[in-house]
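The values are calculated or read from the model by the stated rules, or taken from the named source; none is laboratory data. Quick caveat, the model's predicted, so the values are computed rather than measured. All Cβ positions, even for glycine, are placed from backbone atoms using ideal geometry, and neighbour counts span all protein chains on display. Accessible surface is based on the protein model in full, side chains and every heavy atom, while ligands, DNA and RNA are left aside. Shrake-Rupley method; radii C 1.70, N 1.55, O 1.52, S 1.80 Å.
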Amino acid sequence: MYELSDIDTFNVQYLDNMPTGLAAFIKYGTIFIKKGLTQKEERCYLEEEIQHYYYTAGNIIRQKNTSDKKQEALARRKAHLVLIPFNLLVECYDLGLRTYYEVANYLNVTEKFLREAVTHFKQKYGLMCYDRKTNCYFNFGNTIQIYKEDNSSHSYDYGC
């Protein structure tokens with residue numbers, strides 16, 4: 001499982017009262033996060049806020065314009081790439097995990113976050129792509145199918 005990016009360099013404060021609609025935000029290197037989130041939710045939000053620190057600028061909380069929305073989407077996509085890299089999807093395949101629920105549990109992310117990542121991968125890579133690091137083909141249709149390059153007849157479906 002991948003660890004959060006540079007989490008030790010950030011101060012994390014848990015708040016009872018967050019601005020409406022927010023579970024987390026970052027300001028001056030401090031991540032403010034809503035108390036009471038599950039461990040998986042917290043992990044996903046923390047990584048997204050770390051990515052905001054590195055890739056976004058200004059106050060984008062209100063999502064007033066297209067630039068704000070693009071920055072929000074960028075941080076989320078970067079968090080997907082950190083917490084759900086292709087090699088971990090292959091690891092899940094090798095362990096026999098068969099559903100989004102099982103994979104999300106293994107990766108310690110929410111199922112919603114995993115499904116968002118798959119949507120992101122489809123948008124970025126198309127329905128099928130080859131990953132040189134893992135020597136696998138990934139088919140991002142209604143499910144994720146993984147085909148190992150050794151041309152074996154094995155494939156893996158993450159059920160919907």
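As a test of understanding, state the convex hull volume per residue of segment 1-100 from its alpha carbons, in Å³.
Details: hull volume 11.8 nm³, N = 100.
Convex hull of Cα atoms, per residue: 118 Å³.
Sorted by accessible area with a 1.4 angstrom probe, largest first, how do Glu47, Glu111 fall?
Working: Glu47 0, Glu111 65 Å².
Solvent-accessible surface, decreasing: Glu111, Glu47.
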What figure in square angstrom, to the nearest 10, would you give for the accessible area of Leu74 with a 1.4 Å probe? 50
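Name the trypsin sites (Lys or Arg not before Pro) in segment 46-142 that are in a loop by DSSP and that have at most 10 other C-beta atoms within 10 Å, would you? Write down the numbers at each step before the final one.
Details: sites: Arg62, Lys64, Lys69, Lys70, Arg76, Arg77, Lys78, Arg98, Lys112, Arg115, Lys122, Lys124, Arg132, Lys133; in loops: Arg62, Lys64, Arg98, Arg132, Lys133.
Of the trypsin sites (Lys or Arg not before Pro), the ones in loops of segment 46-142 whose Cβ has at most 10 other Cβ atoms within 10 Å are Arg62, Lys64, Arg132, Lys133.
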Per residue accessible area in Å² of the chain, where ligands, DNA and RNA are left out and the probe is 1.4 Å: 58
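More than 19 angstrom separation, counting every C-alpha pair in segment 42-102; what % is that? Let's see the in-between values first.
Numbers: 779 of 1830 pairs.
The proportion of pairs with Cα distances above 19 Å equals 43 percent.
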How much of the accessible area of the chain, in percent, comes from carbon and sulfur atoms when a 1.4 Å probe is used? 47
Met128 - accessible surface, heavy atoms, 1.4 Å probe, Å² rounded to 10: 100
Going Cα to Cα from Lys40, which lysines come in below 20 Å? Please leave out same-chain ones fewer than 8 positions away. Lys78, Lys112
List the pairs from Lys34/Lys69; Lys69/Lys133; Lys34/Lys122 whose alpha-carbon separation is above 25 Å, in the order I gave them. Lys69/Lys133; Lys34/Lys122
In degrees rounded to 10, the 0-90 angle between helix 66-83 Cα long axis and the longest Cα principal axis of the chain is 50
